[in-house]
Amino acid sequence: MTSNTSNNEPFEALFTTTAQTTFNLTPRDWQRRVGGQILAGRKARGGLRQLCVQPTGGGKTLLFHTIACYLKGVSLCIVPLLSLGADQVNKTMFRTSGDPTTWAVHLDDLNDAKEVEELLLLLQEMNDIGTVMLYTSPQFLTDRFPKFIASLMKVSFLRLIVVDEIHLFAHFGRSFRTEFNDLKKKLFLKVPKKTVMLFLTATCTKRIKSSFEMTTGVDITHVSWPSASELADRKVSLFVTYSSRPFSNMSKSIAMMLKDENSSFPNSKFIVYSNVRSRIKDVKEGLCVFFDKDDNLFEKDVMCIHGHLSKEEKSRYTQIFLDPETEDDESIRVLCATSGVGNVGIDSPNIRSVFRLEFPPSIMDFVQEKGRAGRRLVPDPSNFAYTMYYSIESYLYLFERTMNPTDDYIDNSYRQEVLDDALEVAKMFAVKNKCYYVHLEEHLETLHFVARL
């Protein structure tokens, strides 16, 4: 559904011209429609608050970048994961490399107050013909430099606020990450109401939308939310197998695809997900041993990221996996990650297969992880796959972890929601006579239409 109360054709033309002249790209129909709506409503009394739901790789970034370049001044993009922010900055700089009036900064890379002050001085000297996109984690604004927003508004115009991956924003804000809740007072209630806001995600439900609004104190005024069938524009093969010891089958599958590399897949990559940090570390070590014993694979390497690494380490490791800088980096073909740490922001056309070793915590995790594979314009499902191994033991682990009284849930009702999410996953895999894609569409469609009432 897209709200549209007036004829936005002139503004759609402005959006299209900006995208073509700045990025040499012609927007898709939905981008032109939503972009035109934002430009037409940007001066509305009370401000414009736009929710945009589009699949991974569907073009949300071009929407954000084009709006920012049209509005000029400073745009602030909040990303829930440090690695995601670093990747976004690199993509922005590449996309705008031919335009000296447009640049991007990852605020989390600023080390001290002196560097922050230098940036603010540069912004103060910037005129209205330039565009600066500031990418930041919530921690930078709430913990490291809580006065940054007030200082920014004194020296420059904040024209646009973007929140990426709002489903994670809602999840973290209601569980254990207090900085997400702190943004309500330290950012959203401080900026002028006329500031345009754009909220992006590939997976949304009524609960995610309402949770996000509650966490930020922002009421969404405009919505672009296609149906679940429209969102499912990129499919990969889905394999679901009951197994409590999936390592052997998984490692053999990865080995077979690595040995079968050809001109179409010269640098195949793979991701392995687990709910348990100790298990994903063991899997990483096991794969290294497995590769070392094979004369054709001993040069391949494995990387591991999990929640106990520092934000800087997770960001750095993810970047190395996605964009190798050295010959040694290029040997890293498998990324082992705990769910929630590595299931967003990993965008590479070389990822052929994704493996999950236990029940995913929610259908949203399933959708996000599946979306890491086949990130090409028209992927062939026979070449890209998501494989999930599940067992009663892995489901019981989710239940026990959620019911652990020592776990800190900021919102007590969130504990029940997590249990409900796990039950939905179990129901999905209990239905044997229905395609998983059909089940996903029905599940998301129901929540989607409820959210649009």
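The values are calculated or read from the model by the stated rules, or taken from the named source; none is laboratory data. Model, not experiment: these values are computed from the prediction. Using ideal geometry, Cβ is built from the backbone for each residue, glycine included, and neighbour counts are taken over all protein chains shown.
Within region 171-199, if we keep just the residues that are under 15 Å from the mean Cα position of the chain (by Cα) and surrounded by 22 or more Cβ atoms within 10 Å (Cβ to Cβ), the residue that is farthest from Gln54 (Cα to Cα) turns out to be His171.
Would you check if His167 is touching a strand residue (DSSP E or B) at 6+ places or on another chain (Cβ under 6 Å), under 30 Å from Val334 (Cα atoms), of a type outside the set (Asp, Glu) and surrounded by 15 or more Cβ atoms within 10 Å (Cβ to Cβ)?
Numbers: touching a strand residue (DSSP E or B) at 6+ places or on another chain (Cβ under 6 Å): yes; under 30 Å from Val334 (Cα atoms): yes; of a type outside the set (Asp, Glu): yes; surrounded by 15 or more Cβ atoms within 10 Å (Cβ to Cβ): yes.
Yes.
Yes or no, residue by residue, for (1) among the hydroxyl-bearing types (Ser, Thr, Tyr); (2) out of contact with any Asp or Glu (no Cβ under 8 Å at 6 or more places or on another chain); (3) in contact (Cβ under 8 Å) with a residue 24 or more places away in the chain:
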position: Leu357; (1), (2), (3): no, yes, yes
position: Met364; (1), (2), (3): no, no, yes
position: Ser391; (1), (2), (3): yes, no, yes
position: Val418; (1), (2), (3): no, yes, yes
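I'd like to check which helices (runs of 4 or more DSSP H) are fully inside region 57-170 and have at least 3 residues that are in contact (Cβ under 8 Å) with a residue 24 or more places away in the chain, over 14 Å from the mean Cα position of the chain (by Cα) and over 23 Å from Lys190 (Cα atoms). Hits in region 57-170: 60-71, 82-95.
In the set (1) surrounded by fewer than 16 Cβ atoms within 10 Å (Cβ to Cβ); (2) more than 25 Å from Cys204 (Cα to Cα), Gly46 fails one condition alone, (2).
Pick from region 244-266 the residues that are of a type in the set (Gly, Ala, Ser) and not in a helix (DSSP H, G or I): which of them is surrounded by the fewest Cβ atoms within 10 Å (Cβ to Cβ)? Spell out the reasoning first.
Within region 244-266, the subset of a type in the set (Gly, Ala, Ser) is 244, 248, 251, 253, 255, 263-264.
Pick out the ones that are also not in a helix (DSSP H, G or I) and you get 244, 263-264.
Working: Ser244: 12, Ser263: 5, Ser264: 8.
My answer is Ser263.
Every residue, every condition in (1) in the same structural domain as Phe355 (by TED's automatic domain parsing); (2) assigned to a helix (DSSP H, G or I); (3) among the aliphatic types (A, V, I, L, M); (4) modelled with pLDDT under 85, yes or no:
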| site | (1), (2), (3), (4) |
| --- | --- |
| Asp380 | yes, no, no, yes |
| Tyr389 | yes, no, no, no |
| Pro405 | no, no, no, yes |
| Asp408 | no, no, no, yes |
| Arg415 | no, yes, no, yes |
| Asp420 | no, yes, no, no |
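Against the list (1) within 15 Å of Tyr70 (Cβ to Cβ); (2) surrounded by fewer than 19 Cβ atoms within 10 Å (Cβ to Cβ); (3) more than 24 Å from the chain's Cα centre (by Cα), the condition Thr18 fails is (2).
Table: residues versus (1) outside any helix (DSSP H, G or I); (2) more than 29 Å from Val378 (Cα to Cα); (3) polar (S, T, N, Q); (4) in contact with a strand residue (DSSP E or B) (Cβ under 8 Å, 6 or more places away or on another chain).
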{"residue": "Phe11", "(1), (2), (3), (4)": "no, yes, no, no"}
{"residue": "Gln20", "(1), (2), (3), (4)": "no, no, yes, no"}
{"residue": "Pro27", "(1), (2), (3), (4)": "yes, no, no, no"}
{"residue": "Leu51", "(1), (2), (3), (4)": "yes, no, no, yes"}
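Scanning region 180-209 for residues that are within 24 Å of Thr61 (Cβ to Cβ) and either part of a helix (DSSP H, G or I) or among the aromatic types (Phe, Trp, Tyr) (or both) yields Phe180, Leu183, Leu187, Phe188, Phe199, Ile208, Lys209. Going by the conditions given, is Ser211 touching a residue at least 24 places away in the same chain (Cβ under 8 Å) and over 30 Å from Gln124 (Cα atoms)? Criteria met by Ser211. Taking the criterion of being surrounded by 17 or more Cβ atoms within 10 Å (Cβ to Cβ), in contact with a Ser or Thr (Cβ under 8 Å, 6 or more places away or on another chain) and part of a loop (DSSP other than H, G, I, E, B), the residues of region 340-357 that qualify are Gly342, Gly345, Ile346, Asp347, Leu357. Candidates are the residues of region 325-348 that are of a type outside the set (D, E, K, R) and modelled with pLDDT of 90 or more; the one that is farthest from Lys269 (Cα to Cα) is Thr338.
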